[in-house]
Structures are given as structure tokens and as C-alpha cells.
Protein chains: 2
Amino acid sequence: MTETTPQRRPRHKRPPTIHDVAAHAGVSRGTVSRVLQGGHNVSPASQEAVNAAIRKLGYVVNRAARSLVTQRAGSVAFLLSETQDRFFADPNFTTLLRGCTQALAEHDIPLVLITAGTEAERRRITPFLSGHHVDGVLLISSHRGSPMVEHLRRAELPFVCCGKPLGQRGKVSYVAADDHEGAKDMVRYMLESGRRRVATIAGPQDSPGGVERLAGYREVLAEHGLAPDDRLVAIGDYSWASGESCMHELLTRAPDLDAVFVASDLMAGGALAAIERTGRSVPGDIAVGGFDDSPVASTARPPLTTMRQPWDRISETMVRQLLAQIDGEGPATVILPTELVVRESS
Amino acid sequence: MTETTPQRRPRHKRPPTIHDVAAHAGVSRGTVSRVLQGGHNVSPASQEAVNAAIRKLGYVVNRAARSLVTQRAGSVAFLLSETQDRFFADPNFTTLLRGCTQALAEHDIPLVLITAGTEAERRRITPFLSGHHVDGVLLISSHRGSPMVEHLRRAELPFVCCGKPLGQRGKVSYVAADDHEGAKDMVRYMLESGRRRVATIAGPQDSPGGVERLAGYREVLAEHGLAPDDRLVAIGDYSWASGESCMHELLTRAPDLDAVFVASDLMAGGALAAIERTGRSVPGDIAVGGFDDSPVASTARPPLTTMRQPWDRISETMVRQLLAQIDGEGPATVILPTELVVRESS
DNA sequence: CTGAAAGCGCTTACAG
DNA sequence: CTGAAAGCGCTTACAG
């Protein structure tokens with residue numbers, strides 16, 4: 001490089017490049033790059049010299065330059081295919097976001113947060129995705145037939161879903177808690193502690209948790225020789241308010257119920273409020289079991305007995321799966337067990 | 001480009017570049033780039049041809065290549081200088097994250113989520129920041145003397161804080177709600193509705209909200225000729241549990257109190273539980289006022305009267321300020337008014 | 001208004 | 001094990 005060519009910015013203001021490191025270490029830029037890539041085929045002496053120069057100069061790789069040649073963005077998206085309201089109100093999503101951020105940080109991969117709850121938003125992010133501005137996507141969506149799955153396939157972008165994506169054909173990677181077994185464990189626990197009229201507030205029937213947890217509930221009742229009774233079943237939308245109104249409904253239809261399995265802690269919170277208003281006690285008159293073990297479970301009055309979802313393992317596994325897929329591996333499904341957490345409500 | 005040189009990947013599998021667009025439109029790559037930059041100094045005819053080619057080919061700009069030459073990352077970080085637990089438990093942070101994501105999306109700028117709650121995490125992200133892998137930082141931290149401020153300054157990275165950063169010298173951009181006036185409005189409201197023994201549960205005294213809201217409380221009491229009384233003041237840490245224990249403490253020290261201004265809704269939730277346990281009623285015996293208008297405010301029993309923080313405006317303003325700084329503008333301070341939301345607890 | 005050309009900072013065959 | 005060189009896909013003075 002001839003020093004007669006003026007730099008765009010004065011050199012001393014620009015961060016050091018491999019060129020500077022190479023000059024300092026007395027090697028070529030290629031060698032510096034090899035050290036950066038893990039030091040294969042580099043003599044210990046060169047390696048040493050390069051590392052010293054890197055420390056000395058405070059060199060940090062320019063990700064844009066690297067991306068340009070490797071054709072990899074070096075980042076991953078956390079994509080919310082939900083209306084923002086819905087997402088940010090649900091403590092589970094927050095827990096998941098936290099877990100994924102953490103898991104990715106361990107791989108030094110930045111997480112890009114993207115929302116795509118509306119058609120307009122989806123249009124806006126399409127170029128971003130199909131331009132491969134991220135290497136892969138952690139897809140968070142709880143609704144049947146999310147349009148994002150098709151988008152991502154077309155963009156040939158690796159992705160893994162949180163929870164089984166309903167209404168999709170073909171192989172889709174996903175990681176999920178064992179909703180079915182979890183529900184069974186909870187309802188069994190209630191029956192075994194002497195309850196006889198167990199109702200349920202299920203989640204939306206276009207979400208996997210909504211369907212699976214309800215199925216588990218029904219199975220255990222049948223196992224115990226109890227006849228199915230539609231008066232004992234209400235369908236909510238995972239919100240606090242829906243838990244409240246569903247509980248009200250159940251109590252009207254089946255005033256003799258002595259337990260209720262609620263498919264989310266948030267709805268269980270609403271159910272508790274509805275029960276309290278009728279003057280009944282929990283767990284004295286009615287046992288209440290939640291699902292999630294979200295923060296509201298322990299602050300609820302009384303504290304909720306609930307099924308813990310293994311969020312840490314879910315997020316770690318999602319990240320691991322995604323990175324594997326980015327490296328060319330095929331899709332996979334992982335189901336993780338839930339755990340009964342006994343507090344006071346049941 | 002001689003076609004004898006083999007491509008690394010077959011051309012048909014690679015996304016189109018400006019080269020392809022240029023060929024299609026019958027212009028040079030420079031012209032294509034000019035159209036991409038807004039179309040200045042480009043004839044309408046060329047403009048038209050280029051746009052048609054872009055649509056036809058489904059061209060999407062390669063951000064890495066652009067970054068490399070413009071020396072801009074094209075993304076912004078949302079940096080949590082808090083332990084993750086703390087952050088993700090607080091609904092305010094979530095609301096803020098949501099607002100910032102939205103505001104940035106409108107500028108087509110990806111948000112990179114980064115946590116730096118521990119020293120180890122801070123070390124890990126330092127190269128990322130000093131390598132300018134983002135153009136600026138939205139800094140979320142509520143503690144005095146956050147080390148991140150110094151880090152960011154040294155990295156010469158534009159940043160704007162959420163809330164006044166305590167214990168910092170020199171100019172720092174920040175956007176905050178008017179904690180002081182907000183607290184005064186709430187306490188005035190309580191006094192004007194006939195309360196005489198107004199207590200407070202303040203936030204941590206190393207956070208701006210903790211300090212300012214307590215100061216506002218004291219001022220209004222003085223305004224009304226009421227003598228300061230330390231038995232009426234407790235200091236919490238914004239958590240539900242601390243609200244509960246602080247309330248218990250206040251009730252022990254000053255059983256005759258008839259109102260309490262709590263510096264966060266989460267703490268107010270805990271306070272309600274503590275009050276309920278003593279058999280007192282809200283607002284009959286004790287009026288409770290919160291701060292934030294977070295989701296818990298409306299689900300609390302009874303629903304909380306609170307001061308609404310203008311989160312949407314805060315996030316929009318933070319983003320606007322940050323983008324301005326990235327474009328070379330100087331630092332600024334913005335204080336936004338809060339609003340009294342009357343529900344049932346006071 | 002336009003094209004040719006340099007250059008952003010890396011990685012990676014290639015030839016030794 | 002190492003260096004020289006090509007190339008990743010853009011932007012932007014520069015000269016017309």
C-alpha cells in the first residue's frame with residue numbers, strides 16, 4: 001500500500017486490521033487469518049507472534065469483512081410470529097428469550113430480535129430473511145399454520161421452532177416440553193390426592209399446548225374410569241382474563257367440581273380470582289393446578305402447584321439444534337420432560 | 001469478469017448481486033448503487049430500469065458488503081446492564097424492549113439483544129462493542145455507576161441511557177420519565193382524597209427512580225405542612241417480595257397509616273398481599289398507589305391506582321436520540337411526563 | 001447523469 | 001508451514 005494514497009479516515013483513528021497485526025508480527029495476512037481460524041497449519045512461533053500482536057494492538061475482527069467472504073452473517077434471529085402484545089404479556093416467552101440469549105452468548109453469536117406479528121411486519125422482514133442477514137432463526141409461534149414456516153423454507157434459512165408447529169407438512173425441527181405427559185402427571189396427582197370432579201381450562205385449540213394438555217387430561221380421566229363430561233372443560237387463550245372467565249363458566253356449569261387443571265399459570269391466576277369471588281377456598285374446596293411454573297406461580301395467593309416447563313433446556317436445545325442445522329445437519333425433534341412442582345394450591 | 005474463472009458456488013444458487021441487476025438493467029454497478037442510495041443523480045429512465053431489474057431478480061442488498069465500505073454495522077444493541085434475573089422479572093424492561101424493537105423496525109434497523117449483568121459477560125462483549133459490531137447502544141441499567149458507561153465511552157460508541165445514570169461525570173444522553181413530578185402527583189392525589197398518614201415504599205437509593213420518587217413524596221408532605229416521619233418510609237428493591245416485607249414493616253412501625261405510595265407496581269402487589277394478611281381493606285383502610293402502570297396493575301386485587309410511565313414515548317425517544325447521535329449529533333436529555341391512572345386501590 | 005476503478009477487511013485455495 | 005493473490009459485494013470519489 002503506497003502511503004501517497006490518502007486514507008479516507010486518518011489511519012490512527014481506524015481500528016487495527018489484520019494488515020496491522022501482520023506487520024507487527026512479521027508475518028503475512030494469510031497467517032494472521034489462519035491463527036484467527038484456530039491456528040491450524042501455523043508454527044507455534046508464528047502463532048505466538050500473532051497473538052502477541054493482537055493483544056498489543058487490541059485487534060478485533062471486522063465481522064462485516066468476514067461475513068462477506070464466508071457468506072455467513074454470524075448472527076441468529078429470535079423471531080416472534082405473534083402479535084407483540086401477546087408475546088410480551090406472556091412470561092414464558094420472556095423466559096425463553098432470556099435462555100436463548102444466554103445460550104447464544106456462549107457461542108459468541110449475537111441474537112437479533114425480530115417481531116412478525118402482523119402481515120405488514122412480515123412483509124418488512126422478508127428481504128432481511130431472504131437476504132440471509134442472519135444464518136438461522138429461532139421461531140417462536142404458537143399458532144396453527146404460521147405463515148413464517150413457509151417463508152423460511154423458501155428463503156432456505158435453517159430454523160427451529162419452539163413447540164410443535166401445527167398444520168405443517170414436511171419435516172420441521174422443533175423442541176417442546178412434553179405437554180401430554182405433563183398434563184397427565186398433574187391430573188393424576190389431583191386424582192390421587194382424592195379429588196373426584198376434576199375440571200380443566202385448556203389453552204387455544206390451535207396451539208400444541210392447548211391440544212396436548214387437554215388430551216392428557218382426558219386420558220387420565222378415562223384411565224381412572226371417569227366418564228368424560230363436557231361441562232368440566234373450558235377453552236381459554238392463555239391470558240389471565242380468559243382464566244377468570246373460564247373459571248366462572250365452569251363454576252356455573254358444574255358447581256360441584258373439586259379441582260381444576262389449568263393449562264397455564266397466567267390463566268390459573270385468573271381462575272383463583274374467580275374462585276375467590278364465589279367465596280370458595282383453595283385448595284380446601286377446589287384444588288388448582290397450573291402449568292409453566294412461571295413467576296406468577298409463586299406470587300399467586302395461594303402459591304400455585306404447577307408443572308414446570310424446562311425452559312433452560314428448551315432454549316439450550318433449540319440453539320444447539322439450530323447451530324447444527326446451520327452446519328448442514330438435518331432436522332430433528334426433541335421432547336423434554338416437565339416436572340410437578342407442589343406448592344399450596346393443590 | 002472472465003467466465004473462465006470458476007465460481008465458488010454455482011451462480012444459480014447464489015443470490016443476485018448489483019452486478020446482476022446492472023446487467024439486467026443495462027447500466028453500470030455504480031448506477032445501481034446510486035439508485036439504492038436514494039436515486040440522486042440518476043436519470044428517471046435508469047432509475048426505472050434498475051428498479052424493474054431489482055424486482056425481477058428479487059435483489060436484496062448484501063449488508064455485510066455495504067457495512068464493509070460504509071464502516072457502519074447497520075444495527076443497534078439493546079444492552080442490559082443488569083443481572084438477567086432482575087431484568088426479565090421486571091415487566092417494565094420487557095415493555096421497553098418491545099417499544100425499542102418496534103421503533104427500530106420502523107427504521108429498518110435490527111436490534112441486537114445483549115446482556116452484561118456480570119463481569120464475565122462484560123468481558124465477553126467488550127470486543128463486540130469496541131469492534132463496532134453495532135453502531136450504537138440503548139443502555140438499560142438502573143444502578144449507580146454502571147461500568148458500561150465508561151466502556152462505551154472508551155469504545156467511542158454512541159449510546160443513550162434509559163433513566164438518568166447516577167454517579168456519572170460528563171455528559172450522558174438519557175431519556176427518563178419525570179419521576180419527581182410523578183411521585184408528587186400521586187401523593188397529592190392521596191392527600192386531596194382525604195388521607196392523612198401517607199407512607200411510602202421507595203425504590204433502591206442507587207437508582208434514579210428510587211431517589212426521585214422518594215424526594216417527590218417528601219416535598220408534597222412538606223408542602224402540606226406535614227412533618228417528616230421516618231417510620232413512614234421503607235426502602236425496597238422493586239421486587240414483589242420486597243414490597244411485601246416493606247409493607248409489613250411499615251404496618252408494624254406505623255399501624256395508623258392510611259395510605260401508601262409504592263414506587264413500583266410489582267412492590268405494590270406485594271404490599272397488597274401484606275395488607276390483606278392483616279385483615280385491613282384496600283382502599284377502605286389503606287389507600288395504595290403504585291408506579292409504572294405495568295400489566296400487574298390491572299390484574300392486582302383491587303386493581304391498582306398508579307402513575308403510568310410513558311414507555312412508548314420513552315422507547316421512541318431513545319431510538320430517535322440514538323440515531324441522531326450516530327449521525328453526529330451531540331448528547332441530550334429528555335424528561336417525559338407521567339400520568340395518574342385511577343383504578344380502585346386509591 | 002454515468003462508467004471505470006479503487007478500496008473496505010477479511011478468507012482461502014494455490015503453489016511452494 | 002507460509003506468502004502472494006484473487007475475490008466476497010458493495011460504495012464513492014473521479015473524470016467525463
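The values are calculated or read from the model by the stated rules, or taken from the named source; none is laboratory data. Quantities reported herein were computed from a predicted structural model and do not represent experimental measurements. Neighbour counts are summed over all protein chains in view; Cβ atoms, including those assigned to glycine, are modelled from backbone coordinates with ideal geometry. The protein model used for the area step is the full one, side chains on, heavy atoms only, and it has no ligands, DNA or RNA in it. Shrake-Rupley method; radii C 1.70, N 1.55, O 1.52, S 1.80 Å.
Contact map, the stretch A:43-58: residues that are touching a residue at least 24 places away in the same chain (Cβ under 8 Å) paired with residues that are near DNA strand D (Cβ under 9 Å from one of its atoms) and not in a helix (DSSP H, G or I), Cβ distance under 7 Å, separation 6+ or inter-chain. Pairs shown: A:49/A:26; A:49/A:27; A:50/A:27. For residues that are free of Cβ contacts under 8 Å to residues at least 40 places away in the same chain and within 20 Å of residue A:62 (Cα to Cα), scanning just the stretch B:129-152, find the one that is nearest to the other protein chains (Cβ to nearest Cβ). That would be B:131. Looking only at the stretch B:189-244, residues that are in contact with a strand residue (DSSP E or B) (Cβ under 7 Å, 6 or more places away or on another chain), assigned to a helix (DSSP H, G or I) and more than 25 Å from residue B:163 (Cβ to Cβ) come to 2 in all.
Yes/no per residue for (1) part of a loop (DSSP other than H, G, I, E, B); (2) within 8 Å of DNA strand D (Cβ to nearest atom); (3) at pLDDT below 95:
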position: B:5; (1), (2), (3): yes, yes, yes
position: B:12; (1), (2), (3): no, no, yes
position: B:16; (1), (2), (3): yes, yes, yes
position: B:39; (1), (2), (3): yes, no, yes
position: B:46; (1), (2), (3): no, no, yes
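Residues in the stretch A:23-42 that are buried (at least 18 other Cβ atoms within 10 Å of the Cβ) and in contact (Cβ under 8 Å) with a residue 24 or more places away in the chain: A:24, A:25. Condition first: in contact (Cβ under 8 Å) with a residue 40 or more places away in the chain and farther than 14 Å from residue B:37 by Cα. Now tell me which residues in the stretch B:59-70 satisfy that. Result: B:59, single match. Looking at this structure, is residue A:108 more than 9 Å from chain B (Cβ to nearest Cβ) and acidic (Asp, Glu)? So residue A:108 does not fit the description; no.
For residue A:293, indicate whether it is on the phi > 0 side of the Ramachandran plot and either outside the structural domain of residue A:172 (by TED's automatic domain parsing) or touching a helix residue (DSSP H, G or I) at 6+ places or on another chain (Cβ under 8 Å) (or both). Criteria met by residue A:293.
Does residue B:73 satisfy being within 16 Å of DNA strand D (Cβ to nearest atom) and facing another protein chain (nearest Cβ under 9 Å)? So residue B:73 passes the test. Condition test on residue A:263, is it more than 19 Å from residue A:292 (Cβ to Cβ) and in contact with a strand residue (DSSP E or B) (Cβ under 7 Å, 6 or more places away or on another chain)? Spelling it out, it is not the case that residue A:263 is more than 19 Å from residue A:292 (Cβ to Cβ) and in contact with a strand residue (DSSP E or B) (Cβ under 7 Å, 6 or more places away or on another chain). Going through (1) open to solvent by 70 Å² or more (accessible area, probe 1.4 Å); (2) assigned by TED's automatic domain parsing to the domain that holds residue A:205; (3) at pLDDT 95 or above one by one, residue A:233 falls short only on (1).
Of all residues in the stretch B:248-274, those that are touching a residue at least 40 places away in the same chain (Cβ under 8 Å) and either surrounded by fewer than 20 Cβ atoms within 10 Å (Cβ to Cβ) or closer than 20 Å to residue B:191 by Cβ (or both) total 12. Of the residues making up the stretch A:55-64, at least one is surrounded by 15 or more Cβ atoms within 10 Å (Cβ to Cβ), within 14 Å of chain B (Cβ to nearest Cβ) and either small (Gly, Ala, Ser) or within 9 Å of DNA strand D (Cβ to nearest atom) (or both). Do the conditions hold for residue B:121, that is, is it free of Cβ contacts under 8 Å to residues at least 24 places away in the same chain and touching a Ser or Thr at 6+ places or on another chain (Cβ under 8 Å)? Criteria met by residue B:121. Check whether at least one residue in the stretch A:238-245 is in the same structural domain as residue A:195 (by TED's automatic domain parsing), open to solvent by 30 Å² or more (accessible area, probe 1.4 Å) and out of contact with any helix residue (DSSP H, G or I) (no Cβ under 8 Å at 6 or more places or on another chain), and report yes or no. Within the stretch A:238-245, none of the residues are in the same structural domain as residue A:195 (by TED's automatic domain parsing), open to solvent by 30 Å² or more (accessible area, probe 1.4 Å) and out of contact with any helix residue (DSSP H, G or I) (no Cβ under 8 Å at 6 or more places or on another chain).
Residue check: residue B:69 meets all listed conditions (1) open to solvent by 50 Å² or more (accessible area, probe 1.4 Å); (2) over 30 Å from residue B:161 (Cα atoms); (3) in a helix (DSSP H, G or I) but one, namely (2). Does the stretch A:308-315 contain at least one residue that is modelled with pLDDT of 95 or more, of a type in the set (A, V, I, L, M, F, W, C) and closer than 22 Å to residue B:266 by Cα? Within the stretch A:308-315, not a single residue is modelled with pLDDT of 95 or more, of a type in the set (A, V, I, L, M, F, W, C) and closer than 22 Å to residue B:266 by Cα.
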